[in-house]
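Read the figures in this text as sums done on the coordinates, not as results from a lab. These numbers were taken from a predicted model, which means no experiment stands behind them. Note that we place each Cβ from the backbone using ideal geometry, even for glycine, and neighbour counts take in every protein chain shown.
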Amino acid sequence: KRFDVHASGQIIQLETPCPWESHLFELEPEECAADAKEQLLKYVLYEDSAGNWRVQAVPEAEGSFVSRKKLPAPWRGVRDGELDKLVGISGCIFVHANGFIGGHKTLEGAKKMAVDAVGWE
């Protein structure tokens with residue numbers, strides 16, 4: 001299902017929130033060539049307990065605080081209407097100052113954030 005969200009296969013959407021990190025690092029080597037960094041997942045989308053959606057950057061290794069690809073630098077530490085302007089869609093909630101997680105009020109908004117982040121250099 002990793003290609004359902006985006007053609008790159010770098011974004012996955014969880015149907016229900018769950019502890020996903022250990023499962024990802026167990027299954028990913030089976031799915032991707034060892035030398036194909038562009039095939040690795042970069043972001044996980046999931047609904048939080050308040051009904052909002054999160055975009056979480058995948059860490060480089062299980063338990064690591066270093067992300068494979070942080071959310072774009074101009075978004076980091078920005079919230080609400082100010083973030084809406086930068087992302088180009090209303091309903092943004094926040095992007096953490098370290099860029100490892102962000103939030104949006106809708107699934108479609110979270111998807112847009114993740115898709116835009118995948119293409120960000």
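Descriptive notes on the structure:
- Separation in nanometres of the label points that stand 7 Å from Cα toward Cβ, at residue 97 and residue 2: 3.3
- Set of lysines with alpha-carbon distance to residue 42 below 19 Å, sequence-local pairs under 8 removed: 1, 69, 70, 111, 112
- Using the Cβ of residue 97 as centre and a radius below 12 Å, the other residues enclosed give a net charge of +3, where K and R count +1 and D and E count -1.
- Put a plus charge on the Cβ of each Lys and Arg, a minus charge on the Cβ of each Asp and Glu, and nothing anywhere else: the dipole of region 49-121 about its Cα centre is then about 40 debye.
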